[in-house]
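Asker: If you scroll down you'll find the structure; I have some questions about it.
All of the numbers you see were taken from the coordinates with simple rules; none came from a lab. From a predicted model like this one, the values you see are computed outputs, not experimental measurements. Because the Cβ atoms are built from the backbone with ideal geometry, glycine has one as well, and the counts that use them run over all protein chains shown.
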Amino acid sequence: MYKLSSEPLLNAQQIDRRLESLAQELKACNFDVILSALTGSYIFTADLSRRIATPKLRIAFIKASSYGESDKPNAKVHISGLESLDIKGKRVLLIDDILDTGNTMKSLVEALADYKPASITTCVLLNKESRRVVDFHADFVGFDIEDKFVVGYGLDYANDYRTFPEVWALEEA
Ligand code: 5GP
Ligand code: MG
């Protein structure tokens with residue numbers, strides 16, 4: 001059994017402040033399209049994109065799910081939604097909720113390269129550096145966190161807690 005930590009790991013105000021500075025940096029990069037990896041990054045994507053808010057910035061979504069032994073390097077990542085992407089020659093900002101082993105982001109970047117974007121820049125809300133099993137570093141990171149399983153602000157545990165406005169750690173009850 002699991003329970004939420006007694007205090008949020010990141011409260012709404014901390015997230016707000018960090019997103020504001022992140023958005024200012026990203027705005028300067030002039031991306032053509034934000035590509036968001038569902039489902040965990042839906043809140044982060046919405047909050048970040050409306051702070052960037054440039055007229056020509058497009059939003060697109062893909063879905064990545066890992067299966068098999070997801071903790072191992074070369075874990076299988078299934079990606080859907082690639083067929084309908086229009087990113088050729090575009091400057092893409094790829095967004096995910098959390099960078100853990102790195103398998104998901106690495107697979108996404110490799111798969112997207114086939115569609116010949118002008119560039120792919122990566123951004124994650126959370127980074128668990130100590131969990132990395134493949135060589136991957138995000139270009140932009142919201143917060144570096146310890147090796148804890150976290151929920152809220154889009155992230156779930158068996159589909160629970162996604163809509164919480166804060167990021168919480170799950171602990172054994
Ligand atoms: P990676 O492929 O880097 O190991 O994992 C990335 C994916 O695993 C994330 O997009 C997320 O869906 C899931 N994940 C990794 N760590 C956590 C966590 O602490 N909490 C939740 N809710 N999902 C996580
Ligand atoms: Mg995910």
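Asker: In terms of Cα to Cα distance under 22 Å, which lysines are near enough to Lys90, apart from those fewer than 8 places away along the same chain?
Answerer: Qualifying lysines at Cα under 22 Å: Lys27, Lys56, Lys63, Lys106, Lys116.
Asker: State, as an integer percentage, the relative contact order of the chain based on alpha-carbon contacts under 8 Å between residues 6 or more apart.
Answerer: Answer for the chain is 27 percent.
Asker: So, R0 is 22 Å and r is the distance between the beta-carbons of Arg50 and Asp156; what FRET efficiency does that work out to, to 0.05?
Answerer: Numbers: r = 22 Å, r/R0 = 1.02.
It comes out at approximately 0.50.
Asker: Then there's this: At what distance in angstrom do the alpha carbon centres of region 112-131 and region 1-73 lie from each other?
Answerer: Value for the Cα centre distance between the two parts: 12 Å.
Asker: Turning to a different aspect of this structure: For Lys88, list the aspartates and glutamates whose Cα falls under 17 Å from its own Cα; do not include residues on the same chain fewer than 8 positions away.
Answerer: Asp32, Glu110, Asp114
Asker: Under a plain spin-label model, where a point goes 7 Å from the Cα along Cα-to-Cβ, how far apart in nm are Ala28 and Lys3?
Answerer: Spacing of the two 7 Å Cα→Cβ label points: 4.5 nm.
Asker: At 0.36 nm per residue, and after removing the present C-alpha to C-alpha distance, how many nm does the segment from Glu110 to Asp16 gain when stretched out fully?
Answerer: 30.7 nm
Asker: Computed on alpha carbon atoms, what radius of gyration and Dmax characterise region 25-77, expressed in Å?
Answerer: 14.2, 42
Asker: Could I ask something else about it? Rg/Rh for the chain: what does it come to with C-alpha atoms and Rh from Kirkwood?
Answerer: 0.95
Asker: Can you pull the one-decimal nm distance between simple spin-label points at Lys72 and Asp86, each 7 Å off the Cα toward Cβ?
Answerer: The two pseudo-label positions are separated by 4.1 nm.
Asker: For the chain, take the longest principal axis of its alpha carbons; what is the angle in degrees between that and the long axis of helix 42-52, to the nearest 10 within 0 to 90?
Answerer: 50 degrees
Asker: Continuing with the same structure: Using only alpha carbon positions, build the gyration tensor of region 36-121, then give the equivalent ellipsoid semi-axes as the square roots of 5 times its eigenvalues, largest first, whole angstrom.
Answerer: 23, 16, 10
Asker: Sticking with this structure for a sec: Measure nothing but the geometry: give the 0 to 90° angle between the long axis through the Cα atoms of 103-113 and the longest principal axis through the Cα atoms of the chain, rounded to 10°.
Answerer: Taking Cα atoms only, the helix is inclined about 10 degrees.
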